[in-house]
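Here's the structure we're looking at; comments come further down.
Derivation of every value follows stated rules applied to the coordinates shown; laboratory data play no part. The shown structure was predicted, so the numbers you read here are calculated from the model rather than taken from an experiment. Glycine also receives a Cβ, built like all others from the backbone with ideal geometry; neighbour counts cover every protein chain displayed.
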Amino acid sequence: MAGLIAAIDFKRKMYVEFEDAPFHMLEVEISRPTARGGQTLVRVKMRNLINRSVFDKTFKAQDKLKEPDLVMVPASFQFADGTGLHFMDLENFETLTLNEDIVGEDRLLLTDNLEVQIQKFNGNPIGLQLPVIVELTVARTEMGSRGDTASGSVTKAATLDTGLELRVPLFVNEGEKVRVHTETREFAGRA
């Protein structure tokens, strides 16, 4: 049985179970009463890990929520086909198949043998946790033209081998490996 967490103890990046679904705390703000007899309120912004919706909710300080039965399983991305995206569980070497709707836009950051964490809620895969930085190859990029730096635009559009489109500095050419920040999907340097 999972323990209970009082709302006053909520922290950013914490996981809780609310209305039979796992949630990830994105922001937590505690407002203390200014008058006698007032209640301490905890305002949170949280993401439903099953349907990915984000919403704000206010709890009283004494409200308690369960810890979710959430397990992170280390896995390695193998390949994608019409049936989904296939990962190898690094603990028992079984193949896990995730639907594209579970992975979403994160599929554009997956490369062969990339190690990720698969989130399982009550034994069912519900999501993917990527490393902070991934290395991808530039498949196509615009040519930087002379005088581009004078306009203040020192980046150009690039398409990576996975289909991800982002802005890169002018010195990056096709075929080079670049580092991409997985949360912001921005250029993080050459590999």
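By how many nm would the segment from residue 29 to residue 161 grow when fully extended, if each residue of separation counts as 0.36 nm and the alpha-carbon distance is taken off? All intermediate terms of the calculation are to be shown ahead of the outcome.
Details: separation 132, 0.36 × 132 = 47.52 nm, distance 4.08 nm.
That pair, residue 29 and residue 161, stretches by 43.4 nm at full extension.
The aspartates and glutamates whose alpha-carbon is closer than 17 Å to the alpha-carbon of residue 177, local same-chain residues fewer than 8 away aside, are 112, 135, 142, 161, 165, 186.
Could you work out the helix-only [θ] at 222 nm for the chain, with each DSSP H run of four or more residues adding -39,500 (n - 2.57) and the total divided by the number of residues, to the nearest 500 deg cm²/dmol? -500 deg cm²/dmol, from helical runs alone. Just one of [x] 53, 44, 28; [y] 78, 43, 24; [z] 68, 49, 23 is Cα extents along the principal axes in Å calculated from these coordinates, so which is it? Correct label is [z].
Once you have the Cα-Cα distance between residue 93 and residue 139, take 0.36 nm times their residue separation minus that, and quote the gain in nm to one decimal.
Details: separation 46, 0.36 × 46 = 16.56 nm, distance 3.17 nm.
Residue separation times 0.36 nm, minus the Cα-Cα distance, leaves 13.4 nm.
At a 10 Å Cβ-Cβ cut-off, how would you order 53, 76, fewest neighbours first?
Numbers: 53 11, 76 15.
Neighbour counts put them in this order, fewest first: 53, 76.
Modelled this way, with points 7 Å down the Cα-to-C-beta line, the labels at residue 66 and residue 43 are 2.9 nm from one another.
Considering only alpha-carbon pairs that sit under 8 angstrom and 6 or more positions apart, the relative contact order computed for the chain is 14 percent. The label point for residue 55 and the one for residue 21, both projected 7 Å from the Cα toward the Cβ, are 0.7 nm apart.
So which GluC sites (Glu not before Pro) in segment 62-121 pass both tests, a DSSP loop state and at most 14 other Cβ atoms within 10 Å of the Cβ? Write out the running numbers ahead of the final one.
Numbers: sites: 91, 94, 100, 105, 115; in loops: 91, 94.
Passing both the DSSP loop test and the Cβ count: 91, 94.
When chymotrypsin sites (Phe, Trp or Tyr not before Pro) are flagged only if DSSP places them in a loop and at most 12 other Cβ atoms lie within 10 Å, the longest unflagged stretch of the chain comes out as 1-92.
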